[in-house]
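Trainee: The structure is given below, and queries will be raised subsequently.
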């Protein structure tokens, strides 16, 4: 069966760029438009910054191919040796210039100039350069006018991942209170969150590229990237808490305040992201009192009690690490 897919904005922008480029070229009497279409296709990228990079690279390739093709076409004509030498020169030149990704476009341009058999290869080459330049300008303009708002996309993704992580926190809190009752989907949820964090980091990277042209928001993308990095470490903490909770074979009195603390941190994390969590003194005192209560615990009588209390102590330490990372989390 065929999978359903969404038609993305980049597909529509690329189609529009190619169609508009060809329309303009044909309107002014230029019929050979394949090279301009290729430049338009590769110019439309996910960010305007990448579009500029691609357009400049491909225009340089077209210029190099046109020059090489014109020289060999005028000297040797459309002979097999001319084609062979042109391809050889193009590949060597692109490798020297570190234009490995542009070898195909450069070679196609050079071969096209020789194969055109135009009366004036120089004029034909200039037309091709102009066509490629127009294709790049049209694609850049469309990409600039219809650039997606990556900032909103990143913020929405941060909130989505945060909500998923807070669900895991509540799940672990329940496991602390009820030994031997564990979620069968815990690791599936964790894997989903980890994959979403990777997506978020890529979104942050795209947004960072956009900010090369926006000096007033220079640090926003870095801030969002740091949030996702902290999410990565928090997931590690929660996995360790889950493992420790599974080792608790008997109930421990101090498990109740530890679970309560973790549930409080669910709200604290949300407020920290919103920039509303300013005063931590009360929570710091509660954590200090809870730490004192662990010191005053009675010595375990059975082996099961020893394992459960030891696991809870380590789980509490992981909770404190989680809390310290929350305090370092930037707000949106």
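The values are calculated or read from the model by the stated rules, or taken from the named source; none is laboratory data. From a predicted model like this one, the values you see are computed outputs, not experimental measurements. When we count neighbours, we look across all protein chains shown, and the Cβ atoms used for this are built from the backbone with ideal geometry, even at glycine.
Trainee: Surrounded by fewer than 19 Cβ atoms within 10 Å (Cβ to Cβ), over 34 Å from the mean Cα position of the chain (by Cα) and closer than 18 Å to residue 179 by Cβ: which single residue out of 303, 285 fits that description?
Mentor: 303
Trainee: Let me ask you something else. Give 235, 227 a once-over and let me know the one that is touching a helix residue (DSSP H, G or I) at 6+ places or on another chain (Cβ under 9 Å) and closer than 13 Å to residue 169 by Cβ.
Mentor: It is 235.
Here's the yes/no breakdown for (1) at pLDDT below 90; (2) within 22 Å of residue 163 (Cβ to Cβ); (3) in contact with a strand residue (DSSP E or B) (Cβ under 6 Å, 6 or more places away or on another chain):
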| position | (1), (2), (3) |
| --- | --- |
| 214 | yes, no, no |
| 241 | no, yes, no |
| 250 | yes, no, no |
| 275 | yes, yes, no |
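Trainee: Here is a further query. Got a sec? Which of 102, 61, 27 is more than 32 Å from the chain's Cα centre (by Cα) and not assigned by TED's automatic domain parsing to the domain that holds residue 207?
Mentor: Matching residue, one of 102, 61, 27: 27.
Trainee: Pick from 270, 276: which is under 27 Å from the mean Cα position of the chain (by Cα) and either in the same structural domain as residue 177 (by TED's automatic domain parsing) or closer than 21 Å to residue 169 by Cβ (or both)?
Mentor: Only one candidate passes the filter, namely 270.
Trainee: Given the range 30-112, what helices (runs of 4 or more DSSP H) lie entirely inside it while holding 3 or more residues that are over 23 Å from residue 12 (Cα atoms) and touching a helix residue (DSSP H, G or I) at 6+ places or on another chain (Cβ under 6 Å)?
Mentor: 48-76, 80-96
Trainee: Among the listed residues 324, 293, which satisfies the condition of being touching a residue at least 24 places away in the same chain (Cβ under 8 Å) and assigned to a helix (DSSP H, G or I)?
Mentor: 293
Trainee: Find the residue count for the range 141-152, including only residues that are surrounded by fewer than 21 Cβ atoms within 10 Å (Cβ to Cβ) and either outside any loop (DSSP other than H, G, I, E, B) or touching a residue at least 12 places away in the same chain (Cβ under 8 Å) (or both).
Mentor: Matching residues across the range 141-152 total 8.
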